[in-house]
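Novice: Encoded as structure tokens, here's the structure I'll be asking about.
The values are calculated or read from the model by the stated rules, or taken from the named source; none is laboratory data. Note that this is a predicted model, so its numbers are computed, not measured. Cβ sites come from the backbone with ideal geometry, for glycine too, and all protein chains shown count toward neighbours.
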Amino acid sequence: MPIMYIVFYLVMDGREGFAQHKLEGWIYILVPFIIVQSLFMFKGNGQTPGYKNYHLKVVDINTNQTPPLFSIVFRNIAMILSIITIFGWAMMFIRKDKRGLHDLLSNTAVVSIENES
């Protein structure tokens, strides 16, 4: 959300500016989001602060380790596309392994981890 406010009011000069340049505005919102999300997952051993709070972790399906940076970035880009199409998110409710389209494409999964404290 802070990225959206920064883009709306500092970069695009208000909602009217965003409304006139929607594609540019969404690029300004999504690119930093993907970068920050990917860095959190890569440097945080497969966890964002929210995942850490709920004892979840993103792992590579083949190695059960933190995915490489490329896989994390690709997963986050595919996650945006999954949100847009809704189908990718609906897959999580249909599939037994609860993997969304972005997880299938990037060969990752979200797993529960034991409480480290």
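Novice: What number of residues within the stretch 13-52 are within 12 Å of the chain's Cα centre (by Cα) and aliphatic (A, V, I, L, M)?
Specialist: So the count comes out to 7.
Novice: Now, a different point. Taking VAL110 and the conditions (1) within 25 Å of MET4 (Cα to Cα); (2) in contact with a Lys or Arg (Cβ under 9 Å, 6 or more places away or on another chain); (3) not in a loop (DSSP other than H, G, I, E, B), which numbered condition does it fall short on, given that it satisfies the others?
Specialist: Among (1) within 25 Å of MET4 (Cα to Cα); (2) in contact with a Lys or Arg (Cβ under 9 Å, 6 or more places away or on another chain); (3) not in a loop (DSSP other than H, G, I, E, B), VAL110 violates only (1).
Novice: Restricting the search to the stretch 12-53, which residues are over 21 Å from ILE77 (Cβ atoms) and at pLDDT below 90?
Specialist: If the condition is that a residue be over 21 Å from ILE77 (Cβ atoms) and at pLDDT below 90, then MET12, ASP13, GLY14, ARG15, GLU16, GLY17, PHE18, ALA19, GLN20, HIS21 are the ones that fit.
Novice: List pairs: first residue in the stretch 32-45 and without any contact (Cβ under 8 Å) to a residue 24 or more places away in the chain, second residue outside any helix (DSSP H, G or I) anywhere in the structure, Cβ distance under 8 angstrom, at least six positions apart or on different chains.
Specialist: PHE40/GLN47; PHE40/THR48; ASN45/LYS57; ASN45/THR66
Novice: Any idea which of VAL58, VAL73 is surrounded by 12 or more Cβ atoms within 10 Å (Cβ to Cβ) and either at pLDDT below 90 or not in a helix (DSSP H, G or I) (or both)?
Specialist: After ruling out the rest, the residue left standing is VAL58.
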